[in-house]
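For reference, the structure is listed below as structure tokens.
The values are calculated or read from the model by the stated rules, or taken from the named source; none is laboratory data. Note that the coordinates shown come from a computational prediction; the quantities given were computed from them, not determined experimentally. FYI the Cβ positions are ideal-geometry reconstructions off the backbone, even for glycines, and counts take in every protein chain you see.
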Amino acid sequence: MKSLADLIKLREEAQKKVDVRETNKDYRVVVGMATCGIAAGARPVLNKLVEEVSANDYSCTVTQTGCIGLCVYEPIVEVFDKDGGKTTYVHVNPEKAKEILESHIKEGKILEKYTIDAVK
């Protein structure tokens, strides 16, 4: 950081990341970040979700939670809609996370092939 403009840019980028977690949007995207989720690769998934939501105009917030209770299916991403509906995506990787945002959040189309019902 060498100037006030650099500091302002840094502040704006940080504010975008905070807004991704705290604003009231159409969807809430939750990543299981307990030790089982982290060990299975949830951190890169969370990072990808935050990065994509910050870079695009998706109407969602991204948060993390502890254990979801389905360790064998980690990394898990749950998508809650504004009406209280929930979709649970399992075995998510960063590429699937991006696809979930593009299909479910942007277009309103659930990706059944990645949901918990598809792997049971």
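Structure summary
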read-out	value
Selection from the range 69-111 of residues that are of a type in the set (Asp, Glu) and in contact with a strand residue (DSSP E or B) (Cβ under 9 Å, 6 or more places away or on another chain)	GLU74, GLU78, ASP81
Those helices (runs of 4 or more DSSP H) lying entirely in the range 21-120 with at least 3 residues surrounded by 16 or more Cβ atoms within 10 Å (Cβ to Cβ) and at negative phi	35-40, 42-55, 94-100
Qualifying residue in the range 39-49 (condition: in contact with a Lys or Arg (Cβ under 7 Å, 6 or more places away or on another chain) and at pLDDT 95 or above)	yes
Test: GLU102 is free of Cβ contacts under 8 Å to residues at least 24 places away in the same chain and under 24 Å from GLN15 (Cα atoms)	yes
Those residues of the range 67-99 which are of a type in the set (A, V, I, L, M) and free of Cβ contacts under 8 Å to residues at least 24 places away in the same chain, in sequence order	VAL72
Scan of the range 32-56 for residues that are among the hydrophobic types (A, V, I, L, M, F, W, C), out of contact with any strand residue (DSSP E or B) (no Cβ under 6 Å at 6 or more places or on another chain) and free of Cβ contacts under 8 Å to residues at least 24 places away in the same chain, ordered by number	ILE38, ALA55
